[in-house]
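The values are calculated or read from the model by the stated rules, or taken from the named source; none is laboratory data. Keep in mind that this is a model prediction, so the values were computed, not measured. No Cβ is skipped: glycine too gets one built from the backbone with ideal geometry, and neighbour counts run over all protein chains shown.
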Amino acid sequence: MTDRKASSTAFGTLYMRAVHQLLDARPLILHDPPALTLLGEELTQKIHDTKKHHRTLEARALRSHVILRSRFAEDRLAGSISRGIKQYVLLGAGFDTFAFRQPVWAKTLKIFEVDHPATQEKKCSLLAKAGMLISKNLSFAGIDFEKESLRDGLIRNGISLTEPAFFSWLGVTMYLQEEAIDDVLRTIAQFPAGSEIVFTFSQPPDSLRCKERGYQSLLARVVKREGEPFVSYFSAAAIQAKLHNAGFKSVAFLSAREAEERYFRQRPNDLFMVQRSLIAYAVA
């Protein structure tokens, strides 16, 4: 992604959330009507016109992960309110729509969407075009990490380092060098006790089963073609060590069994758990 170009992969996740609203069986894993509004009528129609593609095994596998990670992060956020969470920080927010469908319990939160200014400019343009109003508790925190640290960017955008915060960091680590990932984790671990992060990471290709490795290889080719190649892969053990070293007290991963029981078992089997990327969560 250049200074003048919004992230195409971030837009792709918006597209997949919209596909989920239109084509997947009920009950939906993530109820996200604003995704369709933000996408617009023309691209919404394109989904209908290309439904055969969206029902392929590969497309459903990728969509399953995108939908699951957002739903799980939002469920963890809901559970964190009782710990005194005051701030919700979406790192690499892209075209996320939580702030436009936030439940009653979220109204007391300060929501900060952190992303590259070019991506945020594109999102604000789409919001204006769609006539979507920005809620009073939402702020856009444009940070160019080539020019400032996460800590400095958070402070500059009014995020309090003395209040507990919940961070979601979905679909981002695989695009970053290890040093940058470590810096983000250390910064978040310094927030007050009870602060939490939910994030995703890609596993090393040679550690995956054949089918999962195929999904990962296909996606890696696609994002590389878009100019946003994968650069980092980690085992669960490596991520666990990073989180503990950064200062997090509690570290866990969403297991395939738990995901199946909570999100997939009580609905038709058009979507399914994919382990190409894993979801980690940790509390400071």
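Can you tell me which residues in the stretch 140-174 are more than 18 Å from residue 74 (Cα to Cα) and in contact with a Phe, Trp or Tyr (Cβ under 7 Å, 6 or more places away or on another chain)?
141, 157, 159, 161, 173, 174
Answer yes if at least one residue in the stretch 10-28 is surrounded by fewer than 14 Cβ atoms within 10 Å (Cβ to Cβ), part of a helix (DSSP H, G or I) and free of Cβ contacts under 8 Å to residues at least 24 places away in the same chain, and no otherwise.
Within the stretch 10-28 (the criterion being surrounded by fewer than 14 Cβ atoms within 10 Å (Cβ to Cβ), part of a helix (DSSP H, G or I) and free of Cβ contacts under 8 Å to residues at least 24 places away in the same chain), the answer is no, since none of the residues qualifies.
Within the stretch 2-43, take every residue that is of a type in the set (Asp, Glu) and within 13 Å of residue 67 (Cα to Cα) and give me the one that is farthest from the chain's Cα centre (by Cα). Give the derivation first.
Taking the stretch 2-43 first, the residues of a type in the set (Asp, Glu) are 3, 24, 32, 41-42.
Adding the requirement that they be within 13 Å of residue 67 (Cα to Cα) leaves 24, 32.
Working: 24: 20, 32: 14 Å.
My answer is 24.
At pLDDT 95 or above and of a type outside the set (A, V, I, L, M, F, W, C): does that describe residue 192? Give the steps one after another, and end with the answer.
Details: at pLDDT 95 or above: yes; of a type outside the set (A, V, I, L, M, F, W, C): yes.
It is true that residue 192 is at pLDDT 95 or above and of a type outside the set (A, V, I, L, M, F, W, C).
Quick test for you: out of 145, 100, pick the one residue that is of a type in the set (Phe, Trp, Tyr) and closer than 19 Å to residue 32 by Cα.
Numbers: 145 fails: closer than 19 Å to residue 32 by Cα.
One residue alone meets the criteria, 100.
Exactly one of (1) of a type in the set (D, E, K, R); (2) within 17 Å of the chain's Cα centre (by Cα); (3) not in a loop (DSSP other than H, G, I, E, B) is unmet by residue 228. Its number?
The single condition residue 228 does not satisfy is (3).
Which condition number does residue 246 fail, the rest of (1) surrounded by fewer than 22 Cβ atoms within 10 Å (Cβ to Cβ); (2) of a type in the set (A, V, I, L, M); (3) touching a helix residue (DSSP H, G or I) at 6+ places or on another chain (Cβ under 7 Å); (4) within 20 Å of residue 275 (Cβ to Cβ) being met?
(4)
From the list 155, 181, 143, exactly one residue is among the β-branched types (Val, Ile, Thr) and free of Cβ contacts under 8 Å to residues at least 12 places away in the same chain. Which is it?
155
Which residues, counting only those in the stretch 261-280, are at pLDDT 95 or above, more than 16 Å from the chain's Cα centre (by Cα) and surrounded by 13 or more Cβ atoms within 10 Å (Cβ to Cβ)?
Within the stretch 261-280, 262, 263, 264, 267, 270, 271 qualify.
Among the residues of the stretch 190-211, are any within 20 Å of the chain's Cα centre (by Cα) and in a helix (DSSP H, G or I)?
no
Scan the strands (runs of 3 or more DSSP E) fully inside the stretch 66-183 and keep the ones with 2 or more residues being crowded, with 22+ Cβ neighbours inside 10 Å, under 17 Å from the mean Cα position of the chain (by Cα) and at pLDDT 95 or above.
87-91, 110-115, 165-169
Looking only at residues in the stretch 29-62 that are outside any helix (DSSP H, G or I) and in contact (Cβ under 8 Å) with a residue 24 or more places away in the chain, which one is nearest to residue 270 (Cα to Cα)?
It comes out as 55.
Hey, residue 50 hits all of (1) of a type in the set (S, T, N, Q); (2) surrounded by 14 or more Cβ atoms within 10 Å (Cβ to Cβ); (3) at pLDDT 95 or above but one; which does it fall short on?
All conditions pass for residue 50, except number (2).
Do we have residue 266 as within 21 Å of residue 55 (Cα to Cα), in a loop (DSSP other than H, G, I, E, B), out of contact with any His (no Cβ under 8 Å at 6 or more places or on another chain) and touching a residue at least 24 places away in the same chain (Cβ under 8 Å) here?
When the stated conditions are applied, residue 266 passes them.
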